[in-house]
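See structure below.
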Amino acid sequence: MKLNMENPKVSIIIPHWNGIDILTECLESLTLTEYDNFEIIVVDNASTDGSPDLVTLNFPQINLVENSENFGYAGGCNRGAKIANGEYLVFLNNDTIQEPNWLFPLVDFLKLNSKVAAVQPKILNYYDRTKFDYAGGAGGWLDILGFPFARGRIFQELEEDKGQYDSMRPVFWTSGTAFMVRKVDFELVGGFDESFFAHQEEVDLCWKFHLVNKETWAIPSSVVYHKNAVTLPMFSLKKQYLNHRNSLQMVLSNYSLPLALYILPIRFSLEFVALSYALLRMDFNHVFGIIKSLLWIITHPFAILKRRKHIKTIRTVKDKKVLSWLFWGSVVFDYYIRGKKRSIDIIKE
């Protein structure tokens, strides 16, 4: 295919830790991508299964970054972004495959909308492609207490894709499974917070985009399929811990201090609702994940202060502006107490 220089360069960054088979399928799928100006960067987080050798031998055109330790999704993506040559960066999970034309809708939208910092495709489940995937669906929202949910997925409930989210819409966050950002905006807000390691780092990144008065959108004409929770099992203690801890970090650092202190006791009470629900189900990974996350928050006040200092340096809008993008309710209360099992689509015009 002849190179069209009107298409800005895209850097596809894939953080990876073990799992040769899933990485191979992802890279082979990318070879079918119809876009004509992109590079692929695989950031290996100290894999022990020979993944770096696989990339070097079978995909010599790919840029390989070999880390000496596992820096997680956040650290791996940041290191890939540092060497990226693209105007746009795509952060992509290694357990995905993509429709051949997936890049064009994302690039075209960013080219036409300078106020938008990030866009994501529609993300469907790899094994049942009639349903949205757990990790991202058709873009995500956040309630005022810091609990994220996705269009097409709320907690463990997945919706069937019937075209209900097929319109381009602004959302609060774009899924780390697959999303595209402007490199200049990514650098402006300081990239991913590596203290998150994995899970909800993309929510935090998008929150920072909103703090600098940028928007994030879902572009459903682009489609990616995701296997979900291959690297870190969905119900593992570590996953539960990271999800709760990182969500609490965002609430305590991304809001102004008065609002954070107002929300904190409400948020903590809902942590105990989730804890009680997990106990009733004898889901002990979830129980100990919540407890561990609360202990971390209590014992790491300086980490929160460090994050607050960074947020203060980049913030250009007040909480009132950000609050207009949030769900004014509690998704935890609606799900666990009121029994609402369907996602809420907050329409922003």
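Just so you know, all these numbers are worked out from the coordinates, no wet-lab data involved. Here the structure is a predicted model, which means the values were calculated and not measured. Counting neighbours? That spans all protein chains shown, and the Cβs are built from the backbone with ideal geometry, glycine included.
Based on what the data block shows, is Asp283 closer than 18 Å to Trp141 by Cβ and of a type in the set (Asp, Glu)?
No: the conditions fail for Asp283.
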*Residue by residue through region 171-210, note down the ones that are of a type in the set (S, T, N, Q) and either in a helix (DSSP H, G or I) or closer than 21 Å to Ser114 by Cα (or both).*
Thr174, Ser175, Ser195
*In region 41-79, how many are touching a helix residue (DSSP H, G or I) at 6+ places or on another chain (Cβ under 6 Å) and among the β-branched types (Val, Ile, Thr)?*
5
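Within the bounds of region 130-140, is there any residue that is over 18 Å from Lys227 (Cα atoms), within 15 Å of the chain's Cα centre (by Cα) and not hydroxyl-bearing (Ser, Thr, Tyr)?
The answer is yes; a qualifying residue exists.
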